[in-house]
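Notes follow once the structure below has been shown.
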Amino acid sequence: MKIQYKLERVWEIVTDGIPNFFRNIWIFRKDLAKHRSWDYCYSLGVFKTSLIQLRKTMQNGNECRDSLNKKLIKMDRMIELLTHRIDETYIDQAEKELGPIILKEWNFEKAENGYSNLKDDETPEEKEHNKKVFARSREIDEEEMNEFLRIFKGQEDWMYQNNLDSLGLSRETSPWKEIEKADREFFDGSGISGWWY
């Protein structure tokens, strides 16, 4: 029995484990080549690639299209949010809303001690505009991180119960079809623990 178990285990490694290992190296090759241990964005790149693969698998699955499409939309949004964080596009997004940051050439002036000082050529209006753009970029960063975490976590059970309460339904007394319909309509596709094939 022990010998048979060991042979089955070796056979599983040869037929499934090794091919899967090389397939994963190919899928994650770009992330592996770029990965560094000093910044979490490299880990997010691996996570993003993994989500892209999961999405490809799920879109061809057998799950009911109503719930699957909601999940795919949330996955697309999570991939987009990861791209923004990895590429650090928050200032670009703020500039699209408020206008570009006003940049000027660096000018230096001689100081009394023989050194040079950087000359401040920005007008008060330019400083205020740049300050608003940077503040908005930080807001976008925080908003997107909160959205990412909401999608990752998903809807809480109490949210479903509140939805049923607002519709006047009860899990104990209402017909199952009405409960199921209300839950299906209320479900928004979030919650990474439900994303599997």
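The values are calculated or read from the model by the stated rules, or taken from the named source; none is laboratory data. As the structure is a prediction and not an experimental result, all values here were calculated from the model. Virtual Cβ from ideal backbone geometry, glycine too; neighbours counted across all protein chains shown.
Say we look at the range 147-191 and pick out the residues that are within 22 Å of the chain's Cα centre (by Cα) and among the charged types (D, E, K, R); which of these is nearest to residue 72 (Cα to Cα)? Per the stated criteria, the residue is 188.
If you check residue 119 against the conditions, is it surrounded by fewer than 14 Cβ atoms within 10 Å (Cβ to Cβ) and touching a residue at least 12 places away in the same chain (Cβ under 8 Å)?
yes
Within the range 136-158, the residues that satisfy the criterion of being hydrophobic (A, V, I, L, M, F, W, C) and either exposed (fewer than 12 other Cβ atoms within 10 Å of the Cβ) or outside the structural domain of residue 86 (by TED's automatic domain parsing) (or both) are 149, 158.
Applying the set (1) at pLDDT below 85; (2) in a helix (DSSP H, G or I); (3) in contact with a helix residue (DSSP H, G or I) (Cβ under 7 Å, 6 or more places away or on another chain) to residue 159 leaves exactly one unmet item: (3).
Among the numbered conditions (1) under 20 Å from residue 194 (Cα atoms); (2) surrounded by 10 or more Cβ atoms within 10 Å (Cβ to Cβ), the only one that residue 43 does not meet is (1). Of all residues in the range 1-54, those satisfying the criterion of being more than 27 Å from residue 77 (Cβ to Cβ) and acidic (Asp, Glu) are 8, 12, 16.
Restricting attention to the range 11-47, the residues that are under 26 Å from residue 145 (Cβ atoms) and of a type in the set (A, V, I, L, M, F, W, C) total 7. Taking residues in the range 63-83 that are over 24 Å from residue 44 (Cα atoms) and in the same structural domain as residue 189 (by TED's automatic domain parsing), and partners anywhere that are among the basic types (Lys, Arg) and at pLDDT 90 or above, the pairs with Cβ atoms closer than 9 Å and at least 6 places apart or on different chains are 63/71.
Among the helices (runs of 4 or more DSSP H) confined to the range 1-89, there are none with at least 1 residues that are modelled with pLDDT under 90, within 30 Å of residue 181 (Cβ to Cβ) and over 24 Å from the mean Cα position of the chain (by Cα). Kindly establish whether residue 114 is in the same structural domain as residue 44 (by TED's automatic domain parsing) and over 29 Å from residue 195 (Cα atoms). Taking the combined requirement at face value, the residue satisfies it.
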